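Beneath this line is the structure, given in structure tokens, with notes to follow.
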Amino acid sequence: GTPQKYDPTFKGPIYDRGCTDIVCCVLLVVAIVGYVVVGVVAWTHGDPRKVIHPTDSRGQFCGQQGTPNESTTRRSKVPSMTAPPCPPPVQICVSKCPDRYMTYMTAYGNPASLQYYRNFCTPEFRSAQKAPLEVLRDKECPAMLIPSTPLARRCFPAIQAKKGVIMVGNETTYDDGQGRRRNVTELLEGAKKANVVLETRQLAMKIFEDYTVSWYWIIIGLVIAMVASLIFITLLRFLAGIMVWVMIVMVILVLGYGIFHCYMEYAKLKGEAGSDVSLTDLGFQTDLRVYLHLRQTWLAFMIILCVLELVIVLLLIFLRKRILIAIALIKEASRAIGHIMSSLLFPLCTFFLLCLCIAYWASTAVFLSTSNEAVYKVFNESACPFSGQTCKPETFNTSNVTKLCPDAQCLFAFYGGETAYHKYLIVLQFFNVFMFFWLANFVIALGQVTLAGAFASYYWAFKKPDDMPAFPLFSAFGRALRYHTGSLAFGSLVLAIVQVIRVTLEYLDHRLKAAENKFAKFLLSCLKCCFWCLEKFIKFLNRNAYIMIAIYGTNFCTSARNAFFLLMRNIIRVAVLDKVTDFLFFLGKLLIVGSVGILAFFFFTQRIKLVQDTAPPLNYYWVPILTVIVGSYLIAHGFFSVYGMCVDTLFLCFLEDLERNDGSAEKPYFMSQNLRKLLKKTNKGQPDA
């Protein structure tokens, strides 16, 4: 199905094209290869277990095979009892968290209690004959045990509130192991976040239970949303004009009623005491209701509404034809989608590729962040020249440090490293973020140019749909990858650079929140605003540049320039079409999401008598309802994004058609018969398509 080409200079949307922006294509391939290398290096050095599994003071994982921690799964701490600067708390792997209050001093004299206490001591604790003070000084055992709850493989104080009283293990005080009684509220700050996480986990379990009993009905609700979206797009072919004109009439009537209401209020206040006071004499009042008792307020409202009414009526008079063109293009888009139904499923392909990008970026970021090695440092309580220096636990006991500083310990401090790889980890993380933005934007660009190519092949087919390719969507996808990978890489690279700058500015803003430099904050806010606007403009320009690439096969810069000036020459048509489509999409999303959401609410709250016994019992009925609402919005957004791309593509094709062709036998119009009648254009010597 080759489209008939009457103008020999017109390349057409399918043929007569070559590779564009080859340098950017090569650059993208090199960057992807480098990205793969970074991923392989990160996966070689990284260990995600550092994020999931706790470690003891030696940096060994709890429950790790081949270590003394093999039979343990959780981590507890032996707190430091010395004044700062002091070593970090000794972290111990335990098989289970303590479930009772106990101090080492009380357990020392009881063999059964001491045997239980051994579970929370370091592996070095061998002899019970050692003096208790020496055991506590060497931090081989904690001074006290507190009833704890396991959370994320870590032990946290089991804090609970009973009748407004904070308690731990049904007690309000505890022995700190040094003969003093302390209030459990002292543990509250340290375990507050842990209890929030614990409560969140319980909430998550209930939500998961709701999903297990309602997932079937949630899928049915999403299917209904998908069918409703498809029906709405189909009906736009017949009802677009009616909906637009009804909306315009409703706006005029609402403004008219507003003018009438303001006049009635203005007339009602005539003669009332204090109603003739001017706004300038009254000044600023915090209670805004005061202004409603002034005639001048309602007069101002009436004048404003009259001006708006007059502006809208004048716009309708002068833009009536452009509104009709916008409606005709929307109807034409519905016909195009009807001939290329596979385009409605294409966003799933884009979504899948985006998920791959996100998964690769996230896994690489985790492996990079866990690539550091365990760093051990010398900690001591008395003066020592080696304090703070790095050490090795394997050789520490035989080194000179223990001879010069008997109380020194070689403890795990943090994860880091001194090699060149570790020094440039921040650079690799930055490269990881940059490549994520570049590849994500490339995937989105590939989806846009594919859809644009498919819909352009519909428009430029003289006899629709006979002159269209057999598989327009797959043909457009193949052309995009074969000829225009470089152009897509160019456009996505520009956008990625701007987005990385925005992320950097957000990071700086987060770091400067506590700063007192107001000028720096003001400058940063201005830069954030400017780059936000720049990103929006580049996205708009890229979208239309990709459409021109799909039509003509030109490079990115040429396509962007041609698209920009083409739109500027038809700026009023652009504005009208943009607002009309925005209204229809808003109406469609509101209708679909609202109707499906209301249906889900009545079903899951068992208010529909016919299916009252069918609805599953739930902990929180809002869980499936919100899921259905959010899912319906995403489905409707996916359908309407395809529809929006179709409208934009047909609009640019329509503008090009008007500028390139004149209706002669050599240069006939490719637009539909309805558009030609609307513009009073005819094709001479050619039958109407």
Exercise. Touching a residue at least 24 places away in the same chain (Cβ under 8 Å) and open to solvent by 30 Å² or more (accessible area, probe 1.4 Å) - does that describe any residue in region 517-524?
Worked result: no
For this session: Test each condition in (1) aromatic (F, W, Y); (2) within 19 Å of K589 (Cα to Cα); (3) at pLDDT below 80 for F232 and report the one that comes out false.
Result: (3)
Seminar exercise, completed: Expected single match for open to solvent by less than 60 Å² (accessible area, probe 1.4 Å), modelled with pLDDT of 85 or more and either farther than 30 Å from D276 by Cα or not β-branched (V, I, T) (or both) among L329, L305 is L305
Exercise. Pairs under 9 Å by beta carbon, first residue in the same structural domain as T450 (by the TED database) and part of a helix (DSSP H, G or I) in region 466-477, partner open to solvent by 20 Å² or more (accessible area, probe 1.4 Å) and hydroxyl-bearing (S, T, Y), six or more apart or different chains?
Worked result: P472/S342; L473/S342; F474/S342
For this session: Check whether at least one residue in region 582-598 is exposed (fewer than 15 other Cβ atoms within 10 Å of the Cβ) and among the aromatic types (F, W, Y), and report yes or no.
Result: yes
Exercise. Out of region 556-576, which residues are of a type in the set (S, T, N, Q) and surrounded by fewer than 20 Cβ atoms within 10 Å (Cβ to Cβ)?
Worked result: T558, N562, N570
Seminar exercise, completed: Taking region 505-541 and keeping residues closer than 30 Å to R482 by Cβ and in contact with a Leu (Cβ under 6 Å, 6 or more places away or on another chain) leaves I538
For this session: Might you check whether a residue that is touching a His at 6+ places or on another chain (Cβ under 9 Å), open to solvent by less than 50 Å² (accessible area, probe 1.4 Å) and of a type in the set (S, T, Y) occurs anywhere in region 488-501?
Result: no
Seminar exercise, completed: When (1) among the aliphatic types (A, V, I, L, M); (2) in the same structural domain as F471 (by the TED database); (3) in a helix (DSSP H, G or I) are applied to A273, the one that fails is (3)
For this session: Mind listing whichever residues of region 369-415 are among the hydroxyl-bearing types (S, T, Y), at pLDDT below 75 and in contact with a Lys or Arg (Cβ under 9 Å, 6 or more places away or on another chain)?
Result: Y415
Exercise. Does T554 fit the bill of being hydroxyl-bearing (S, T, Y), touching a residue at least 60 places away in the same chain (Cβ under 8 Å), over 23 Å from R660 (Cβ atoms) and out of contact with any Gly (no Cβ under 6 Å at 6 or more places or on another chain)?
Worked result: no
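Quick check: is even one residue across region 109-120 of a type in the set (K, R) and modelled with pLDDT under 80? Please lay out each step first, then the result.
Filtering region 109-120 down to residues of a type in the set (K, R) leaves 118.
Now narrow it down to the ones that are modelled with pLDDT under 80: none.
Within region 109-120, not a single residue is of a type in the set (K, R) and modelled with pLDDT under 80.
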Exercise. Of L353, L305, which residue is assigned to a helix (DSSP H, G or I) and either closer than 30 Å to F434 by Cα or outside the structural domain of V647 (by the TED database) (or both)?
Worked result: L353
Exercise. Residues in region 300-318: is at least one within 42 Å of the chain's Cα centre (by Cα), closer than 30 Å to M468 by Cα and not β-branched (V, I, T)?
Worked result: no
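Within region 607-626, does at least one residue satisfy the condition of being under 30 Å from A328 (Cα atoms) and in a helix (DSSP H, G or I)? Working first, answer last.
Filtering region 607-626 down to residues under 30 Å from A328 (Cα atoms) leaves none.
Checked region 607-626: no residue is under 30 Å from A328 (Cα atoms) and in a helix (DSSP H, G or I).
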Exercise. Out of all the residues in region 617-632, is one or more over 21 Å from L239 (Cα atoms), over 31 Å from the mean Cα position of the chain (by Cα) and of a type outside the set (S, T, Y)?
Worked result: yes
Problem set entry | Condition met for S343 (of a type outside the set (F, W, Y), in contact with a Leu (Cβ under 9 Å, 6 or more places away or on another chain) and surrounded by fewer than 16 Cβ atoms within 10 Å (Cβ to Cβ)) | no
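What about S369, is it closer than 30 Å to V401 by Cβ, outside the structural domain of V254 (by the TED database) and buried (at least 16 other Cβ atoms within 10 Å of the Cβ)?
No, not satisfied.
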Exercise. Are any of the residues in region 525-536 acidic (D, E) and assigned to a loop (DSSP other than H, G, I, E, B)?
Worked result: no
Exercise. Looking at region 458-487, which of its residues are open to solvent by 30 Å² or more (accessible area, probe 1.4 Å) and within 32 Å of the chain's Cα centre (by Cα)?
Worked result: F474, S475, F477, G478, L481, R482, Y483
Problem set entry | Considering residues of region 525-555 that are of a type in the set (F, W, Y) and under 18 Å from L446 (Cα atoms) only, the residue surrounded by the fewest Cβ atoms within 10 Å (Cβ to Cβ) | F540
For this session: Evaluate the following for C384: is it assigned to a loop (DSSP other than H, G, I, E, B) and touching a helix residue (DSSP H, G or I) at 6+ places or on another chain (Cβ under 8 Å)?
Result: yes
Exercise. Which one is farthest from E373 (Cα to Cα) among residues in region 416-457 that are open to solvent by 50 Å² or more (accessible area, probe 1.4 Å) and assigned to a helix (DSSP H, G or I)?
Worked result: I444
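The values are calculated or read from the model by the stated rules, or taken from the named source; none is laboratory data. In this text the structure is predicted, and so the values were computed from the model without any measurement. Reconstructed Cβ throughout: ideal geometry from the backbone, glycine too, with neighbour counts over all protein chains shown. The accessibility values were calculated without ligands, DNA or RNA, using every heavy atom of the protein model including side chains. Shrake-Rupley method; radii C 1.70, N 1.55, O 1.52, S 1.80 Å.
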